[in-house]
Structure formats: structure tokens, C-alpha cells
1. So which residues in the stretch A:364-412 are of a type outside the set (F, W, Y), closer than 30 Å to A:L530 by Cβ and touching a helix residue (DSSP H, G or I) at 6+ places or on another chain (Cβ under 8 Å), if there are any at all?
2. Which residues, taken from the stretch B:42-65, are within 13 Å of chain A (Cβ to nearest Cβ) and not in a loop (DSSP other than H, G, I, E, B)?
3. Can you tell me which residues in the stretch B:88-98 are in contact with a strand residue (DSSP E or B) (Cβ under 7 Å, 6 or more places away or on another chain) and within 9 Å of another protein chain (Cβ to nearest Cβ)?
4. Which condition does A:F650 not pass, out of (1) among the hydrophobic types (A, V, I, L, M, F, W, C); (2) surrounded by fewer than 20 Cβ atoms within 10 Å (Cβ to Cβ); (3) in contact (Cβ under 8 Å) with a residue 12 or more places away in the chain; (4) within 14 Å of chain B (Cβ to nearest Cβ), if it passes all the others?
5. Going through the stretch A:442-487 one residue at a time, which ones are under 33 Å from the mean Cα position of the chain (by Cα) and of a type in the set (D, E, K, R)?
6. Could we say that B:F14 is within 12 Å of another protein chain (Cβ to nearest Cβ) and aromatic (F, W, Y) here?
7. Limited to the stretch A:1052-1095, what total is found for residues that are in contact with a helix residue (DSSP H, G or I) (Cβ under 8 Å, 6 or more places away or on another chain) and surrounded by fewer than 15 Cβ atoms within 10 Å (Cβ to Cβ)?
8. State yes or no: is A:E267 in a helix (DSSP H, G or I), free of Cβ contacts under 8 Å to residues at least 12 places away in the same chain and within 53 Å of the chain's Cα centre (by Cα)?
Amino acid sequence: MIRFIWQNWWRRKERFILLIIGAFIVSAGLTYLIGLSESNKGTIVDNLQQRWSASYDIVVRPEGTRSVTEERKLLEPNYLSGLSGGISLEQYETIKAIPGIEVAAPIAMIGYASYSVNYGQVELTEPGIYRRMMETTVNNGIGEETKINNYYFPINVWDLRNKGPEYGVAAPYLDLLVNGHSLLAGIDPEQEAKLVGLDEAIIELGTSRYFVDTDTYYFDEGKGYHEIPIIVNQTAYVDKLEQITFEKLDIEINEENADAVMEKVRENGGEDYLDTLSAEVIDTFSVTGKETFHAFINRMTGVDWETGEVVVLEEDEEEESNEDEDPLEIITQVDEDVTGIVFKPSPLEYQEISSPYADRWPYTYQVVPFQNSDDAVGVYQNKDTFREPILIAENFLDQPRMKPNWIGFYEASNLAISMDPTTELPMETYRPASAEYVMDVNGNPINPPKQLKPTGDPYSFLTDPPGMLTTIEAAANILGEKPISAIRIKVAGVADLSDESQAILEQVANEIENRTGLITDITLGSSPQLALSYVPGLNGGEDIGWLQQPWVNIGSSISIFKETKISFSGVVGSVIAVAIVYVWASGIVNLLARRKEFAVLLSIGWRPNQLSRLLFFESSIIGIFVAVTSWMMLGFVYISSDASLSFNRFLWTGLFGFIVYVFGSFIPMLLTRNISPYEAMRTGEISGISKRIFQTKGINRMAFNHFIGKWKRSILSVISIALPTALLAVFLYITFRLRGIMYTSLLGEYVALEIGPAHYVAILVSLSIAILTTAEIMWQNVSERREEISLLQAIGWKRWSIRRLILAEGVFSGLFAALIGLSLAFLIMWGLYGAFPTEEIGFILATGLIPVVIGVIGTIFPAERAVRIIPNQGMGGNITNRKAVEKRLKWVVISTSVLLVGTFLMTMIKVAPNIEQANDGNEVEYAFSPTEGEASIKEPKDTDEQNVNADDADDEITLIGVDDYLFQFNSSQTSEDVGWGNQLFYAAKEVESTLVIAESGMKGIAIEFTFEARDSDYDIKPKSYFTLINSEETYSPEKVTILEVEGWENEEWLLGREDGKIHAVLEFKVPEGMESYGLELKNRTLGYGVLISFD
Amino acid sequence: MIQKIICQHLEKSFKGDGTKTIALKNVDLAFEKGEFTAIIGPSGSGKSTLLSLLGTLDKPSEGTITYDNEEILKKSKSKLADFRFQEIGFIFQQFHLLPTLTALENVLTPLFSRKVPYNKLERAKEALEQVGLQDKMNSLPSQLSGGQQQRVAIARAIVHKPSWLLADEPTGNLDTETGERIYDLLKELNEQEGCGVLFVTHDPALAAKANRIITMKDGVVLSDKVGVTS
């Protein structure tokens, strides 16, 4: 029997090669898709967890702290730094007691505490009025911001006593005193250690250590301050330079005329008048934020920051002697260690707007600045701030004063949180917020983007992470009843991103809400999400522009994950289904082809079940071949890469191919029951019913009638071509859909990259299987008609006619298959997702071409063979056992196999380690809706002198949103006039047209333009990139005359480095009446294009 | 060993698309083992239909065929196949050799997965020798001439030593000379092996040489004459 089967295969070489290729593709495809991808299951989960895991699973916040951004499940980075209290200690204890909660780490943002360092005093003895100018230059990453604070005081010349501030001068201030701000937060040392390993992040420096139980809060009744234990972030400083300059004003003043002079100062406007006076520099001192902070650390630790040596402190004595020397001098800091807290943290207010580039940034917000009124605290009075300044106490005297007892320093980068900048999840308490300045107000990209840095201002756009930490106990004593701003929860038993984890978390979250009434958010499975914020300028200043920040997309990884899982299962499912259809179709075709042969075997005494056994054996042999191939491939991959493979997985991957083939034999086996031995007596295929739709009049109709006449066969072949087509279309849809979802978040992009190769392989596999199926059927159809063809040749048909006859039938099968396949595909899509593809419809419809193309390709070779049939050889066949042919074919088969296996293994080894995927998973709808709204750019604050600028800015910004131009100007201007002078020079003017216009009602317009590339390369093709537009029509240049050109590569690229420049005349033919028009330049480098308007 | 085949009121019709074609009408015939019978008649006279019914390839619409008083046709398909294996050897006009198998393998096909008391390969070679093709054992059908192919088909038909040989126009696709040789071979088998031979032919000259000549037309037996007696 085996021999019989083997001979049957071996002597029909073309079919046998097809069979082997099919078996290879099926086994390789299955191995790859179900074997490997599944074998590495879990790796992707690990990856996700490692890369984008927050240290907490749930965040508990007080009611009303959700911002507008959370409607879209977005959290701004470092949102925790903008919260101030709201949760009581009792609530905290309640939460801690909830079963299943492993860590409940509270954080209480107390406020911005200042630390100061005194670098000594200046000696000023010469009588006069002095100016102490404090110049603070902060580098916020985009540029430097300088704030100047002047302070005036008299030395040895005028008695200040009983004088009001209207004189513009105050008590002498001689200290070289520098301040720093840092956010102070209260934590529970024990929980924080468990959550992020804060105890491990303490650095060894002097006596630096972590909190212990004895570090308690103490209220000093006598001095009226809170004594609190603190640990300090060793990098809690901003990039700033403080410069203190003492100047003597050029003002004639001595003890005699002092009163008169000062009276004059008062009349002239006091301090404002003094600001206008020139002065002579007496002394300057400058220090950076970093130096200040290190000095602070030195004082705190008692050891030198750099060397670790003990520093001797003598300041206390000095201060006392200073006080003695000059009783008039204001008391600067009685005790430098006592500090006050003035401001509480507050959140930013956002407003949704439409994204200027929704593809890149689906979520866009605008920062709404807070306008302070007269009532606001001094520094912010009548000024705009990004956040609402909130005083910790209305009355200055009620503001808490505290004496921080320094305990230790910690290094935030040593915390057990992900610090990899490419994968960080910007929701950690300790990470500095980052923002990239990507576009200026006009929408021009900033290249490279600049990194915005925190400025240390409590109410600036970027918040700092806490720089000093104390205990919750201390926070409660300072803030009162509800000190905690948020509690970060870690739940026991939640290890991976899965439905079970989600369920546990939901349960715990509900429990928390029920018991405390606080709001909870599950943060497990969140992904970073790049969001764009439009940041307006403050206090009439220029708008800053567009900042890109990694935000947190809450819970998105779980949805992506699930979607990936279903989609991938769908993909694997469709490929497997395509494979099964292929196997079945080829089984049925095989049976049809051998029907007569089987009838003969029956008539010579074979039992029907012998035929079934024959088919079963055949399938089993291929099945075993497929299984062994799969196992070999898996084994090879296993040995050559580090992919881990469970035995079960290994076994089943092989068995699966085997099962597919064995099942594939069942239908033909059943069909053999219908073969009557009597068929051996008959000639030709008998169809009881013969349908004729058209009368046969020509080749096409003949083909069509043949197609319809053998309708059973045709239906089979159409269906077996249609099914893979349908599955391929569905598969494409899934891929598109997945991409659509993937590229909305960073995590998605990552996942998409990871599973990309698997998808391409899947597409290739199913496509080649679909091709094989079609080819096999067409081949069969044609080779069965050899007799008919030889007859047609015998009666004098031309070769081309025969070719056409066969090709036409291939086209018919293809068309029908495309029709059925696509209808089926749309039904499946509807069933799966309840939606039809709209965007990708073109592409999916294009899959309908495959069966047609395949139908034709599949018939070309048979048709060629057919036309070569010598009329009387109709039956001869190409079955041979000649030695030479055998040998040659053996080589062909062997080398094809080697090539196939080799290529496959190569790809497999290359991509295998990257492929991971999990199975199961249920349907989730991942609703993705970008932000909407209008960017209301530039708030009303601007008055007269800024109007011009502001208006310009206004225009240009609104242009971004709509489909308009990158920039535009009129013919009397140049690109320099609209702020584009640094990038390029572009100007145009109308000149005398030289066009000879024959038609009446038309005229010529000539425009002479100059374009220079200044910063980079621009592509300029005058003939195709310039158009003349008026309200209805566009006109392309009729003629281009280049007057002068430099650095114009390939007549296209104006090279920036070679000062590329083009000066040319464009001539257009336009209707007579056209007076006003615009010259539009649209190319690949200028985005929305540039318009010059002519009036 | 079936000694006698008796057909009673045999009728066979094919239905299709509203038409009914009567291929065989009220045929009553009896065949004895050892007879050499020729069935002659024009196209469509029902010769091949009769042969296929006798060979259990098809079932009659009406009437019965008894093989030694047994109605084999009522049995299951497998039993029918067994019956054909034991008793009937078929030879077709188009030879119907399996194109992928060599002459020897083709001869062996009826013996696949059958338990036989003799050595299959030896028997197949013997059968080929009997038809005079011992030197063509390893040739594929496409490498053989028509006469040779038909001789392979005959070897295949006799390899399992059937008691009846049914030949459907065995010489129809062959030239006269070759046809005669095939005819002689059948005759020889009839005489040597003692198996009943029923053969359908168009050729009156060949038919005339048979022991018994049955003439058919339009599904009806016109005459049943005794021919040449040997």
C-alpha cells in the first residue's frame, strides 16, 4: 500500500512538489505561529511588567481631585505633586486594615519649604544709599529666565526709624543669603520602604541614615516651631545662578541733606525712582543652585560634600556678634534651620483642545493659567501663575514654622522604580517631571526638541518631585486633620497583567471606596502616553508653545494586551483555518482527479473501505511528514536560540499539523462512498443536469458554460479559493485594527514592534497557502481537460484561443471566489467586531484581486502545457520513470526542500526570541477618542503694545488646526517678515509676462520668485510644486525660466549647506479677469505649504 | 466458483433532468461457466450496461441476477467488492491502467490488502507471462503500446484467478491485428483456465468466433445464437 501511494506521488511530480511545498508551508507556518509564539508566552507579560510597571497598583485620592484629563483616562505626570491633603489618618488606618493590601503608602504633600545658606556679609561703611540687587537666573531648559529683586537701604547717613516704605529704603541687608525651595512631603517610612525601597536609597554621607522609630515629631512650645525629622533628596536643586550685587547709588547724600534728599525720593516715587538711578558696583557674589544645595548639605551633615571631611561650623557665633554690632540690621534668620512653609501644592488646570497633529499626539490640552487678583499673596499679586497659589495659612503668623532635624540623604535614582528613560512610567512620586519643547507658538518644530526643566517655583508648569521627606505624623501635626494627599496601594497576589489581577484590584478598590468614601484608580497596566500641551505665556509674556510630555494612560496596557491577545488569536486562527481549507481542498481535488481510477479499483475488486484506507494512509503520511518537519524545526530553533519550550507545546505543535492532515482526509473518505464502480465504464464526467445560461457562441461563453456546466466542481474550487481569500481579508483587517490601536500609546508601539514580525510571517504563510490552494485546483481543472483541449486543437483551434479558453475559466473562478470570499470576510468582520472597516476598505477589497490573479497565474502553466499537447497524445500524460528525469527531479525536490527549510529556519532564528504572545482572552472594546476643542490661544491680558505680536501669533496658531498653510504673506513681504528668515528666504513679485496667449479671454501672469535654503534642505521643483490659486481654480506653471540657481541637487533639492538658492520666473495662463490670486508652494519639506498672496 | 449466472426481467434506466433513458429492457439470460460469449450490437444498445450489471458494478432498476442462485447484488458494497475480487475479472475498452504504476504494479493492484494463499508477486509475474509481457514488467502504461496496455489489463483481470472475465470492448481501441491477438488471448484463457468470458464488441468478425453470440439493440436482446463450437 505504502509503495502504491509512493508511486502515485512520485510519478506525478508536479503535484508532488506542490504537495511538499504545501506541507512545508503548513508545518513551518504552524510551527512558527502556534509553536514558537505560544512557547514564549509570558515573556511579553514579563516584559511589560518590567518595562512599564508602576510601583503601585491602585492610587487612592480624595474626592474632587480628578482633573479634566482623567475623563480620557489620562494622568498628567507627577500628578501627585499637585495634590494637597484630603485624607485623614483614620481613613489611612482603615485602608491599611483592608485584607489583601500589601502596602499602603500614604503621601502628604505639605508644601514648599525653603532652605537657605548664608555665605557671610559684606562690609559697607561709606555713607550712602545702597542697592542690593539679587539676580536669579533660572535655566528652564528652553531659555534663561532672569528675575531681579532690588532692595535699597542707607548706610550711616539717614535714620530709618519711624519712616514708612514710601521712601523706598529699609533696614540694611548685608547678608549673602541664598534660598532654595523644595517640596516637603510626609510619608510613612515603613510603607515607603516596602513600596519603593526608600531605606535602600539612603546614601552614605556622615551620619546619613533612614528614619527610625525614635525620629519623632516635637512641637517646641517656647520657640513656636515644629521640630520634624527629614531626609533630603540629594539632587533637590534647580539649575539656577544667584548673583548678589551691592551697589552704591549715584545720589548726593550726606547727613546734612539726608532728610531732604529722601523726601525728594519719596516724592519721585520711592523705590521706583531708585530703580532708575545709576550706581557703582561695590561688591558682587554669585553662587549656583547646586553649590547652594551642597553648602546646605555640608551644614546639615557636618561633612564636606566632596571630600567627606568634617566641616567646622562657626556661623552661630558670627551671627550673635553681628546682632551686637548693628541693632538696626534686620534679623535675617535667627536660626537658619528654622524654615517656614508658605505655599501648598496645587494642580494645573487643563482644557481639552484639538490636536494640531492628531496622528502623533491624539491627546492635546491647553494649560489654563490662574489669574491672581489683588487679594493674592505679595509675590503673585495681580500676576498670572500656572497653578493657583494657595497659602498654607491666611495669616503670616499662623504659617507653620519648623525646624527640620536632618536625618539623612537619599538618592532617588537608587529607588526600586524603573528609571530607564525609554520605559519610565511618569507616575512615580520621586521622578522629576519632564517635558519636551517640540513646537513653538507658530507650530514650527523645534529640532532637536528642548527639555524643559523645573524652575523651583512652586507654581510653575513643571512640578518637582518632593525634595524633602518627613513622617506622616509630622505632616499631620503641621497640616491638621486631613494631611494625606494620596495613598499608593500595592495588593497582594497581583503579579501579572491579567484578568485575574484586574479582578482582584477591582475588588480591593471597591472595598476602599466603600469603607472610606475616597476615590480610587487602578494604575496597574498603565502605559506612558505622549500628550501635547499648549503652554501660554504668563503676564503678557510671549506664549511658550507646545510641550510634549509622557503622560500616563491609565489601564491602557490591559486593553492593548487583551486586544493583542484576541487579535493574535484571530490571526493564528485564520492562518490555521486557511491551512485546513487548503488541506481539505487539496484532498477533495485529489479525490476528484482520481475518481475514475478509484472506480476502476472498485471494479477490479477493491472494497470501498480499502479506498478510504488508502486516502487515510496518504493523509497520515503527509501528516507525519508535517509533524516531523515541525518537530525538527522546533528542535533546531530550540538548540540554536534560547527559546524555552515546554514538552507539551512541542508535542502538540507537531501533532496539530498531523491532525489537520488526518482530518483533511475525512471528507474525501466520505466522498469515496459515493463512487460507483460503474463509473469505470463511462467516459467523461457525467452531470445529470446540464445547465446552459448562455448559448455558446465564443470562447468566453464557452469557458463560462464549461464553468457552469461543471458546477459542482466549480463550486468546490470557488469555495476553496474563496475561503482563504476571506480569511486573508479578515486577517488584514485585524492587523490594521491592531495597528490602529497600537500606535495610540507608547506601550502599543512597543507591543506592535514586538509582534510585527509574527504578523508579517502570518500574512506570508496564509497568502502562500491561498495561492497554493488556488493553483492546485486550477491545475487540476485544466489537466483534466487535456483530452478536450487536444480535441479542440485537432479541429483546428489556434493556440491562442485555447490559452484564452483556459485563462477565461481561471478568471471566472477567481471572480466568483473573490465575490464570495469578500462577502464572507465582511460577514466575519461584522461578527467579530460588529463593525465594517471603513478606512482600510480599499486595501481589503484589493485582497479580492488575489484569487483573480492567482486564478490566472494558476492557469498559465496548465494552459501552456495544454497548448503543447499534440492532438493524438491527449491521453499520453507526462508520467515517466525515466532515470534521467527521475534524477533531475529528485534534485529539484531536494533542493527546493532544503531552500524552504533553510530560509524558514533563518527567519525563525532571527525573529524567534522576539516573538511572544499569550493565548486566550476575551473581547474588550478599546474606545479611543482623541481630545477635542479649540485652542484658545493667548489670553486677553495683552494690551496695546503687545497687540501686534499677539495678533500675528493668533493667526498663525489657528492655521495649524485647519488645513491651511505653514505660513503666508503677501507679495510685498518676504519670509523674513513673518519670522521664517532663519529657515529660508522666499519672496515673489509679479513681472511682465512673456507668454503668447492665443485664446481669447485668457492672459499670462509671470511671477519672479527667489527661494533660498538657509537652515536645511528644501525640495523645489518649480514645474510641479508651484501653483497659482484663486478662489475657484488652481493653475500650474506653463513655463519656467530659471534665472539663477545654486546648490540645486538633481534639479530638486536646494541644499542648505551649499546655500541652495533658486531665482526663477514662473508663467501661468489664467482667465482675463483674474486680479487677485495666491502663489502656493507645496512640497515635502514645507508641511502645509506656503502662500504668497498677490492683490 | 460461480457456475451459473441467471438474469431475470432485467431492466436498467437512467433518470436525469426530466428524461428517462431506458438502457436495458426485460432481459432474460443465463450464462454458464466456461462459455465464451460475445455480445454484439450498435452503440447505445445496452451491451455495456448489461456487462456492468453482470459484473456487479451497477444495480438493475428492475429484475434480478442470481449467481448460483444467490442474489449477490443485495449484499453490502464490501461484500460486492469481495465477490468481484473472487469471481470477476474486468477488462475495459480504455484499459484503465493506473498511470502511475508499472505494468507489474498494475497487475498487483487487485491483490493489495487481500489475503491470498499464493505469493502475490510470483502470481503477478505469472499473469504477465501469460499475456506475454514478461519483458515489460517495469514499464509505465505510457511507455506501452495500446495492445500491450490491454494485455496488462488482462493480466490484471486474471491475476486473482476469477471464474468470469468480463471485457467491455477490449479490442475497440486497437487495430485489427492487435485486436485479434487480444481476442486469442481471451480465448486461450477461456480454454486453459476454464473461466467464463463475456465480451462486448462492435466487430461482427470477432463476435462470430465466439461460442455464443448475443445480439442487442435498443436495450433488448435480439438474438442469442450459438456460434462456433470448439
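1. Matches in the stretch A:364-412: A:R387, A:P389, A:E411, A:A412.
2. The answer is B:K47, B:S48, B:T49, B:L50, B:L51, B:S52, B:L53, B:L54.
3. Passing the criteria: B:I88, B:G89, B:F90, B:F92, B:Q93.
4. (4)
5. Passing the criteria: A:K450, A:K453, A:D457, A:D464.
6. Against the criterion (within 12 Å of another protein chain (Cβ to nearest Cβ) and aromatic (F, W, Y)), B:F14 qualifies.
7. Residues in the stretch A:1052-1095 being in contact with a helix residue (DSSP H, G or I) (Cβ under 8 Å, 6 or more places away or on another chain) and surrounded by fewer than 15 Cβ atoms within 10 Å (Cβ to Cβ): 0 in total.
8. No.
The values are calculated or read from the model by the stated rules, or taken from the named source; none is laboratory data. All values reported here derive from a predicted model rather than from experimental measurement. We place every Cβ from the backbone using ideal geometry, glycine too, and count neighbours over all the protein chains shown.
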